[in-house]
Number of protein chains: 2
Amino acid sequence: MTMTTTTTTAATPVAPSRGTLRPLGLREVEITGGFWAQRQAVNATASLGHIEHWMEREGWIGNFDRAVAGTLPLDRGGREFSDSEVYKLLEAMAWEIGRTDDADLDGRFRALVGRIGAAQEPDGYLNTMFGRTGQRPRYSDLEWGHELYCYGHLFQAAVARARTRPDADDGLLAIARRAADHVVETFGPGGIESVCGHAEIEPALAELGRATGDRRYVEQAALFVERRGTGTLADIELGRAYYQDDVPVRQATVLRGHAVRANYLAAGAVDVAVETDDGELLAALTRQWEHTVSRRTYVTGGQGSQHEGEAFSDDFVLPPDRAYSETCAGVGSVMFSWRLLLAQGLPRYADLIERTLFNVVATSPSHAGTEFYYTNTLHQRVPGTVPPTDVASPRASSSLRAPWFAVSCCPPNVARTLASLAAYVATTDDDGLQLHQYAPSRIRTTLADGRRVELDVETAYPRDGVVRVTVATTEDRPWTLTLRVPAWAQGATLVTPEGEQPAPAGTVAVTRTFAAGDVVELRLPMAPRVSSADPRIDAVRGCVVVERGPEVLCVESVDLGADVESARLSRVREVDGRVLATMVIAAHDDAAWPYGERPEPAGTTADVPLIPYHDWANRGPSTMRVWLPLA
Amino acid sequence: MTMTTTTTTAATPVAPSRGTLRPLGLREVEITGGFWAQRQAVNATASLGHIEHWMEREGWIGNFDRAVAGTLPLDRGGREFSDSEVYKLLEAMAWEIGRTDDADLDGRFRALVGRIGAAQEPDGYLNTMFGRTGQRPRYSDLEWGHELYCYGHLFQAAVARARTRPDADDGLLAIARRAADHVVETFGPGGIESVCGHAEIEPALAELGRATGDRRYVEQAALFVERRGTGTLADIELGRAYYQDDVPVRQATVLRGHAVRANYLAAGAVDVAVETDDGELLAALTRQWEHTVSRRTYVTGGQGSQHEGEAFSDDFVLPPDRAYSETCAGVGSVMFSWRLLLAQGLPRYADLIERTLFNVVATSPSHAGTEFYYTNTLHQRVPGTVPPTDVASPRASSSLRAPWFAVSCCPPNVARTLASLAAYVATTDDDGLQLHQYAPSRIRTTLADGRRVELDVETAYPRDGVVRVTVATTEDRPWTLTLRVPAWAQGATLVTPEGEQPAPAGTVAVTRTFAAGDVVELRLPMAPRVSSADPRIDAVRGCVVVERGPEVLCVESVDLGADVESARLSRVREVDGRVLATMVIAAHDDAAWPYGERPEPAGTTADVPLIPYHDWANRGPSTMRVWLPLA
């Protein structure tokens, strides 16, 4: 791995001071159409307002006003981590303002910052749940109190604002720095020798350090990473693995415990490893990523199969019907993989990011953008009931998307990811530019040595597999355009001005002195693929999954005209761009005792469309399955 | 169904005032040898003392002393339900004293009763967790406080004592009656209109009513049954289904929520239906039993597949590797089925009881009787670590049996079941005697019309399938001997003095004027059986289970000489009484991404013994699976 020092100030969530690849920001990459632009538009026009509305309604924003008025804990709304949701909304707004210059949104953003800042205490402490008369003392419950976790999201919001509006006078960065200074003072050397039960401040402090140049924040992140795993926190019924306090980060071999916590911690540990040039730590995290991806990840990219503890289970325990696969764990997995991609440049990380974006992050919001999945099951056995629109749903109801949850971490997490999505499309290094995600886009940047690179990407991906890259402006010097060829894209080809060539899975690079108007075209095979699973994933033995491009497909009862339990797959083909499955539909034998010798029931045959998994449950209550039993 | 009024005072846990069958008690049936006698002996000589030792050590018994001394809540040991565990121990002791006349145990029993009784308050209230200065008020947390649940186990202990030692002067029955009177006064008409978050007082009150003839207790049980399901308790994150407060009992179609709570409630509701001659309620419970058995029960008889909420999941969600299958839910299932068997006489209930006794209740304790499973997984993927012997383990560690748990409901629940097991062997009705469970046993009873029936049962069951019933004494009048033929026993035969005849699954009856020395022999086929599952149980598709008689078998890594993940089944046969499986053992392909097209790995073949599931994990850490993938 080549680590080169960079000084990017790109409008991007992650800007390491060194690494194999340099991120590009929202000023350099714009998604101009297609699948993701449509979702960004829904996020901007529907989701952000919806989230803000519910946070006002539930009193989560009002908690800051009550802190100022001195009426807390009376009428405090929400759980102990509700402050963090407001900060995630703030971060989403910051990216959206950076992306679209929405003046109205900027006004709402500033108003929110004002209400939050007013609640900050003179020493930098900021939390509506602790420290007042009638509340528990500050930092008296690090296991479950989420105080440092909340700061983490505050810092990420401040970084988003600082990088998209460096000259903004709203004061958010100052609020964050006061809080961060307070954290360093309180939890630094000689202070409280502990960590937060929910990792998140680790990547956030590292990023605040990068954004401000204040090395103390990175050092504090490193301290938090090193402390964890040494039995710092109390043992609990779920075990210390729940909050990754069972094994030191650099000794662990796999992600375990609460899947969001595990990914956030891993992301922060990569940041620390990169900033402190700690090859041993980075190698440990790479091993953890490899083990987690090969043994603890759903075909959707979803992670954390256990409802109990919202957690990773043992290797290969990946039941479709009890998939927890929390939306936030998907966001956390993207955070972890993206940091490894920047550090190491390997396309496998972008592969997992793509899979997770299309099949977890895109699945959570409804088409309208005002309902969300908290968990993302891969097999819905019972048609859900339509959740109430006027009260928050329990946390993990996964039958139909719900407008809001009592624990509503996922909606703003999706919102901040979608608003900043352009940052994950492309990177540069000393020799050129790398395309990692395929969407119609406009890329305008400058390489480290000053070479100007301007590209336009046209594609109907993932509907179609042709990605056409046109050089808009370039200079009379050679540079290298690198395109990711997904691992699933067996038989891809690349067309350059020199002709067509095979593009084996991994990356394919074109080095030349490009002329404006030059076209490079990647042709990815989009025929449906039928995959089975490692036989140790017992829960899907005898089943296959159908995928098309980066999208995992599923069968939904509204298309089948029957309950999905009755259907077995006999054939898959593509007709006019639609994937059709020939299914054998049979009534089941309702025996009194479900075990014994029984003949396979005969059935009728029907051709049924398979739809992208992310599209399911947008047509009312239904049953659904991703893994299809073979006839 | 014929319901005839009975007036049994048998030494049995359940003595309905009417029903199709009449229970026999410990004075009438004695298990004299074999599988269950051996387990009863271990229970008596090892488990009871072990349980008492831990309850003293953890302070659960001492809580009563502290209540008397007025020092509570200081140093109170255990969770809010710890009183109930002491009562369950008391019940186990009472049955054991009734079974064996153990004078030392009787002394310990009386000492315990004395310590408990001293803590009872003048108005009958008895609980070490609530009501004192520094504790929460009485009945201020019906959702989680377990106060009524604790009474339930107190009542069951008192009933056990009253029926086994009607003349005992220890005062336990009086303690229970004072508490029950207090409950009737506090929760009866005009009192607190609520129920306990954990059902258990319902069957216990009904039984106390039967044992004392005090109808008020039955009426209070009926009131509790009718109130539940009407949203009486608070809504919680797990939903009101967790404590069956979502749907009224008589409207529900299936057991759901916490599996122990669900079974205890159902058992109590059967008691109420029988005592109040409520055919509608009994029909509802019958439907619930049928649906639960055909769609929510493991092949072991285990119930409650979800770790989250220790609960039933949706229909057909029965993953072997995430089986919760709590030991106490197995005990609760036996309670529910036994009550339906007495009411209706159908052999299907005894079939499930047998399956659950051999494969859940017998699996929980180690061979030594001093370690227990709380949960009973059907697939152990990772060899467990040996639990500490000197501290209580977390609740649901299922890798190896543990000496004690922080929530240790299961050990005394197993103990009371084993000590009272003879009560589940046989029943009578007006025309004769029914044998439900097969064990070497001595049966001495009198039919309702005064006919004397004395039988001796000899059998090596479940090692061998021959059950030989010899008539010891009888009178010169005909009566009917009925034997259960398990549903799995296809091809069974019955040999009577008249010759051999087919014995189809269900029951087989012999009516004659028996002479002393007459022999009836049931011959059950004990060849290993290979069963698959209803295809809607997705988690075991492509797998089979091997059973022999009532025992579910498994493969354990210590026999395989390899991890169980590597093995597939190609053939099963019996050699010299051992079940041998020919397994294909193959190394797995450790791919970076576990989904795709992959060839089945080639492997070597070996003959491996399959062992009874209840025997597993008695030889150190291992991996294990019940469901075997087919080669």
How much accessible area per residue does the protein assembly as shown have, counting only protein heavy atoms and a probe of 1.4 Å, in square angstrom? 32
Would you please calculate the Kirkwood hydrodynamic radius of chain B over all C-alpha pairs and express it in Å, rounded to one decimal? 25.1
With a cap of 16 neighbouring Cβ atoms within 10 Å, and only residues DSSP puts in a loop, list the trypsin sites (Lys or Arg not before Pro) found in region B:398-463. B:Arg463
Just give the residues from region A:315-362 buried by at least 40 square angstrom of accessible area in the all-chains context relative to the isolated chain, probe 1.4 Å, and say none if nothing qualifies. A:Val317, A:Arg322
Summarise the partner chain shielding of A:305-312 as one whole number: the mean count of Cβ atoms from other chains within 10 Å of each residue's Cβ. 3
So, in nm, how far is label A:Asp476 from label A:His53 when the simple model puts each one 7 Å beyond its Cα toward the Cβ? 5.9
Simple SL model, points at 7 angstrom along Cα→Cβ for B:Asp169 and B:Glu574; separation in nm is 5.6
What is the interface area between chains B and A, defined as buried accessible area summed over both chains with a 1.4 Å probe, reported in Å² to the nearest 100? 4400
Between region A:167-201 and region A:401-431, the Cα center-to-center distance that results, in Å: 23
In region B:309-379, if the dipole is taken from +1 on Lys/Arg beta carbons and -1 on Asp/Glu beta carbons about the Cα centre, which of B:Pro320, B:Ser366, B:Ala343 is farthest to the positive end? B:Ala343
Exam field: B:Asp589 pseudo-label spacings to other copies (7 Å along Cα-Cβ), nanometres: 3.4
Accessible surface of A:Val254 in the full protein assembly, 1.4 angstrom probe, to the nearest 10 Å²? 10
Calculate the FRET efficiency for B:Asp464 and A:Ala234 from the Cβ-Cβ distance with a Förster distance of 51 Å, rounded to the nearest 0.05. 0.45
Under the convention of a label 7 Å out along Cα→Cβ, give the distances in nm from A:Glu574 to the same position in every other copy, shortest first. 5.6
Within region B:435-474, name every residue whose backbone N is under 15 Å away from a label modeled 7 Å from Cα of B:Asn618 along the Cβ vector. B:462-463
Which of the GluC sites (Glu not before Pro) found in region A:207-261 are loop residues per DSSP with 14 or fewer other Cβ atoms within 10 Å of their Cβ? A:Glu237
Would you mind getting me the FRET efficiency between A:Ala46 and B:Asp563? Use the beta-carbon distance for r and R0 = 41 Å, nearest 0.05. 0.25
Tell me what chain A gives for mean residue ellipticity at 222 nm when only DSSP H runs of n ≥ 4 count, each as -39,500 (n - 2.57), the sum divided by the residue total, rounded to 500 deg cm²/dmol. -10000 deg cm²/dmol
How do A:Glu458, A:Glu91 stack up against each other in accessible area, from largest to smallest, with a 1.4 angstrom probe? A:Glu458, A:Glu91
Can you bin region B:1-104 into rounded, prolate or oblate? Criterion: square roots of the alpha carbon gyration tensor eigenvalues sorted a ≥ b ≥ c, rounded for a/c under 1.5, prolate for a/b above b/c, oblate for the rest. oblate
In nm to one decimal, list the spacings between the A:Thr446 label point and its equivalents in the other copies, with label points set 7 Å along Cα to Cβ, shortest first. 10.9
Gap in Å between the Cα centre of region B:31-64 and the Cα centre of region A:278-329? 41
Which residue, A:Gly197, A:Thr128, A:His258, has the largest displacement toward the positive end of the dipole of region A:33-424 when charges sit on each Cβ (Lys, Arg +1; Asp, Glu -1)? A:His258
How far is it, in nm, from the label point at A:Ala509 to the one at A:Glu280 when both lie 7 Å from their Cα along the line to the Cβ? 3.2
How far is the Cα center of region B:574-631 from the Cα center of region A:556-588, in Å? 33
Comparing each residue of region A:595-624 in the complete protein assembly with the chain by itself (heavy atoms, probe 1.4 Å, ligands and nucleic acids ignored), those losing at least 40 Å² of accessible area are A:Tyr595, A:Gly596, A:Arg598
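The values are calculated or read from the model by the stated rules, or taken from the named source; none is laboratory data. Keep in mind that what you see is a predicted model, and the values were worked out from it rather than measured. We place every Cβ from the backbone using ideal geometry, glycine too, and count neighbours over all the protein chains shown. Note: areas computed on protein heavy atoms with side chains; ligands, DNA, RNA excluded. Shrake-Rupley method; radii C 1.70, N 1.55, O 1.52, S 1.80 Å.
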